[in-house]
1. How many of the residues in the stretch B:232-250 are within 12 Å of A:THR86 (Cβ to Cβ), in a helix (DSSP H, G or I) and within 7 Å of chain A (Cβ to nearest Cβ)?
2. I need a count of the residues in the stretch A:96-122 that are at the interface with another protein chain (Cβ under 10 Å from one of its Cβ atoms) and under 16 Å from A:ARG145 (Cα atoms).
3. Criterion first (of a type outside the set (S, T, N, Q) and either buried (at least 23 other Cβ atoms within 10 Å of the Cβ) or within 14 Å of another protein chain (Cβ to nearest Cβ) (or both)) does A:MET66 satisfy it?
4. Kindly list, by first and then second residue, each pair from a residue in the stretch A:208-233 that is buried (at least 20 other Cβ atoms within 10 Å of the Cβ) to a residue that is assigned to a helix (DSSP H, G or I) and of a type in the set (Asp, Glu), limited to pairs with Cβ atoms under 9 Å and residues at least 6 apart or on different chains.
5. Of the residues A:GLN188, A:GLN156, A:GLN216, which is touching a Ser or Thr at 6+ places or on another chain (Cβ under 9 Å) and of a type in the set (S, T, N, Q)?
6. Hey, among A:ILE88, A:ILE53, which residue is over 20 Å from A:ASP198 (Cβ atoms), within 14 Å of another protein chain (Cβ to nearest Cβ) and touching an Asp or Glu at 6+ places or on another chain (Cβ under 8 Å)?
7. May I ask you to list the residues in the stretch A:328-348 that are aliphatic (A, V, I, L, M) and either out of contact with any Lys or Arg (no Cβ under 7 Å at 6 or more places or on another chain) or in a loop (DSSP other than H, G, I, E, B) (or both)?
8. Would you mind stating whether A:THR86 is in contact with a strand residue (DSSP E or B) (Cβ under 9 Å, 6 or more places away or on another chain) and part of a loop (DSSP other than H, G, I, E, B)?
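The values are calculated or read from the model by the stated rules, or taken from the named source; none is laboratory data. Just so we're clear, the structure is a prediction, and the values are computed from it rather than from any experiment. Methodologically, a virtual Cβ is constructed for each residue, glycine included, from the backbone with ideal geometry; neighbour enumeration extends over all protein chains shown.
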Amino acid sequence: MENIIEIQNLNYEINNKKILDNICLKVKEGELVGLIGPNGAGKTTLLKCLNGIYKAEGTVKVNGLMINQMSNKSLAEKVALMHQNTQIGFPFPAREVVLMGRYPYLKRMQRESKEDYKIARKNMEYTDTEKLEDCAINEMSGGERQRVLFAKTLTQETDIILLDEPTASLDITYQEQIFKYSRELSEQGKTVLAAIHDLKIAAKYCTRLVLMNDGQIVADGSPEEVLTSLNLSQVYGVNALVYKNRITGLLDIYIHKVNEKNKSVRFHVIGGGGTAGSVLRQLYEQGYYISAGVFFQGDSDIASAEVFGIDYLMEKPFSSISDELFNDNLAYIKNSHTTILCNMPLGLQNIRNLEAAEQAEKLVIIEDDLPETRDFTGGKATGIYNRLKRKAVAVINSSRLHEVL
Amino acid sequence: MKNKKNKKNLTNVGFIPAMLVLLLIVMVVGTAIGAVNVPFFDTFKIILKNIGILKHATFAEGQEPIIFLVRFPRVLVAALAGTALASSGAVMQGMFRNPMADPGLLGISSGSGLGAVLAIKLGLTAASMYFMPLFAFTGAFIAIFVIYLLSYQKGKVPVLTLMLSGIAVSTFIGAITNIILTLSYDYQVKEFLFWSTGGLDGRRWEHVQLVMVPIILSVILMFVFSRDLNVLMLGEEEAKSVGLSSGKIRTVLLVLVSIATASAVCVSGAISFVGLIVPHIMRILVGPNYKKLLPASSIGGAIFLVACDLVSRVVAIPYEIGVGIITALVGAPYFLYLLLRSKKEGGTVI
């Protein structure tokens, strides 16, 4: 595969302010590249430079040809750009708007041929807008208009398709739709470059992401390489945690603010079976020092602990807690100011977690369900649990956890 | 569904011929009615006879000269001016992406006025009758170009800026025109006043000859740019994305609009609102597509101005009200109606 787009040392400024700062980027045929970055990073400007709307310093080559040496029409046969938020004030029927995509191919007095109509119709069917063909573009919803404009962009039949925030005004149904189309198009050999606001969608559909900030390219590579906690924290100025969502198997992003004051306060969380996840998150946001355990291998609580960088203890699955781990757990509990016991199922394997909790200095019990309903030890665990309850400083519903933190 | 579509196309196909028939009727009626009424059919026959189609027809004494030498050229001038103004208005509305754009509002009329005064002052009108349209065109083009440059910001022409700079430039040009008039001889002032009042009385075949070619030519050339106008309506950057060289095309269109408007102003004076309301009504009837809108506007403009001229002649016999007054009486309320409606719809027009 060869580079269909080659950008070298591209600079663009407005009023002495650098909008694009020495951009170099090569895109191969058939790639679906997501341009991400905060507002004002230069994503839109870069797309417009590729399309010849802005004349920037530096070289932009499409198919090996310098775009500033191409005529407007021949560039429009190679590159199509779908703008963000195009407003059309006149009641053009959708069909006529889509047909305007044929402009580069038609001579001044030439009528649209049957073939032109066929291409327009095909793309309207593809974007599910054929029912709107007689509707006025200025009376449509934002989503309908965006799909009509997408059809128009496709009707230009270019090898390179640029999309500027294509889903900004779309319902979730069509948000995903446009990227599914884009993926199909890139599989057919078209090259798609899209400025994308939504990082999760970008990670899900793009084969490659380019992260921009202040007019520069900060990171470039696969979604996993680019969407790291470090990159996002630096570029967006927030604390971002990137992790693989265990339910969807997709990259997910968790953005939060950490309370810096509470660093010295220690918490220990006893949980399991996925009951500790939200507790760990809330403690993490408060900025406490946290430890957790004992969990069993394969528990989703372990994934949570890893995302938040929490020390945890782990036992092999389907076995009882060993003496060694029991003692480690005790050590964590004794070191902590407060221990939290989650609303976990109680079994013979994890009963020693309850025994360890008896040593806690300050115990908070989260109880959403009565212990009898989640006791699988034949009453033994409930006995210990009720003793713990008498000792605990608070027994609360999980929704009220923030009150004791 | 299919039937509905076919029916719609049929009305669209028949619309332009229907308008042409209507124009013919209005022109015959406009020629027939006046201080001396001539039956419509006779009027039609007189016109046909004098352009050499009908032979061996005789009419009451004096009717032939009234119809063919006085009224018919006047009606033709009205039709040509109406065509020029309405087509120019339609083109400007597309170029500026705004239904409020109009040659009169944008200083073209005042620019061509200054050009005309200069031609009169320099005594060139006596040398050749073509100097006045030439000067008027130059003045119109310079005026609209200056206004356009003043309001152009980052690839857009904001309408408010456009209108304000239009007013400022027009006022400035008006002041210069007045200075020149103050320094002119009486007969020159009279010549200018006769020209500038926006009337059609006393228009003869020579006026038809003067503007027929530039108006018809420039309007036909506008038709050639229909698709470009459609694409321009999507916006400057959208237009560039499909490969339209907007700078070049805008310049060409400005020249065409200037030629058409200046020619109209040369023979009819400054007639307001034709370029605004005719394209507007046509847009409601045939839609915004310039392939239909421009032909419809050009014919509609002719019908409108011929009809207004007829009203201006008969409404207060034996006096004649300037046709510009009639168009203003119809146009100004319509303009206000548009403003009010756009206010209601959340200000999409301005």
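1. Qualifying residue count for the region: 3.
2. 5
3. no
4. That search, which allows pairs on different chains as well, returns A:LEU209/A:GLU225; A:ALA219/A:GLU225.
5. Testing whether each residue is touching a Ser or Thr at 6+ places or on another chain (Cβ under 9 Å) and of a type in the set (S, T, N, Q) leaves just A:GLN156.
6. A:ILE53
7. Once the filter is applied, which keeps residues that are aliphatic (A, V, I, L, M) and either out of contact with any Lys or Arg (no Cβ under 7 Å at 6 or more places or on another chain) or in a loop (DSSP other than H, G, I, E, B) (or both), the stretch A:328-348 yields A:LEU330, A:ALA331, A:ILE333, A:ILE340, A:LEU341, A:MET344, A:LEU348.
8. Judged against the criteria, A:THR86 is not a match.
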